[in-house]
Structures are given as structure tokens and as C-alpha cells.
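> The structure that follows is given in the form of C-alpha cells.
Coordinate-derived values only; no laboratory data. Here the structure is a predicted model, which is why all the values come from computation and not from measurement.
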Ligand SMILES: [Zn+2]
């Protein structure tokens, strides 16, 4: 594997969209904890039964099990993919250490990069509060791109505002984000593995910039 990309960013920075574009456009594999837990539960893997019972009970999967699942898919991605995007992992310093141990053992720590999609809170709140989503095909529209008739361009369903996109809830999400992410930003900055990218620009420009970094890391990594 040539690249392990950790993508960090506040709500509204476009992390989800950029991750999907990187995977579709540059052939990276997305490592998203929730998806992988649901996926392993369907597979014939020794972990499947354990994960299934926790998920069915609606309980939180413990850190050790999450890591077993994440590392299983990292190993597997290494057989076919040039790189992975870690989406929502690590979420704590303990998890960051786990990932670092894994990469160090494989001599791959210098292939890890962390990109922070940097966005001032005021801009993010404005962006999120103005966001509309299609309840049918789940396409997301930003304030400046909502069609004049308020309907989805793809399926003509009237757009709605997501319940967690209201200002009070957005501020709460921000608080959680900073508590969780600020230490990780510092963690990767200290190690010289952090790149800050200004996310206060149009989605396409962010993608061009991000894709530029990714291409160079895939080439030189
Ligand atoms: Zn739609």
C-alpha cells in the first residue's frame, strides 16, 4: 500500500463528499468503521458472530474489536488497492497509537498522511444550516446550489433540512468535534504528517487540491 490517508475536518467541511470522490476518482478504498462493522457481520469470518451480536443488541462495539475489524480490512485492502482513506478513524489518541503501531511494524509509517479540511466554525455553521438534502436519493445540496423550485435535480423530490442541521445541534456537533479532533490534529502535526487544506472554497476546488496531494503521495509514497 502506498497511502494511508486520515481525513479530519469539522461538520460541514465536506469530508464525506471528498472521501467518496477520492474513492471513485482515484481508486482508493474507504475504511469507515460503521460500514466495515456491518460488512464483517455478513462475512464468514471468526469475528462476524461477535460483531453481529453486539450490533443486534444495539450496543457499542469495544475498541479492541473495532481495531480487529479495521486492521482486517487494511490487510485485505493492501492486496488490491494503492491506498485507503480512513473516514472516522482514528477517533482518539489510543486509536491513533494503534494505527501507528500497525504501520510501524510494517515499515509504512511514512505512508500515512493526515489532511485537515480546515473551516472556521462560523462558515461551517452557515453552510450546514443552509444545507438541504433529498430524502429519497440522499443527494446533498449546499446553500448556493439549491435549485430554485426546491426540488431534487435527480428525482424531483422536494428537498428537506436534516434534523441535525439546525444551529443549536450544529454547535453541539462542533463541540464534540473539537474535543475529539483537536488532540489528533496536534498528534499528526507533531509527527510532521499533517497537511492543512482550506475548506472555505468550492467543493470542486477542494477536490482538485486534495487529489493533487493524493496523486503525489501515490507516486512518491
Ligand atoms: Zn433526489
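> When each pair of different Cα atoms in the range 111-203 is counted once in the 1/r mean, what is the Kirkwood radius in angstroms, to one decimal?
Details: mean 1/r = 0.0661 Å⁻¹.
Computed over the range 111-203, the radius equals 15.1 Å.
> Between 149, 198, 118, which gets the highest mean-square fluctuation from a Gaussian network model of the chain, Cα cutoff 10 Å?
149
> Rg and Dmax of the range 63-124 over Cα atoms: what are they, in angstrom?
For the range 63-124, the Cα-based Rg and Dmax read 13.5, 42 Å.
> Give me the percent of DSSP beta bridges within the range 77-221 that run antiparallel, rounded to the nearest 5.
Details: 4 of 9 bridges.
If we restrict to bridges inside the range 77-221, about 45 percent are antiparallel.
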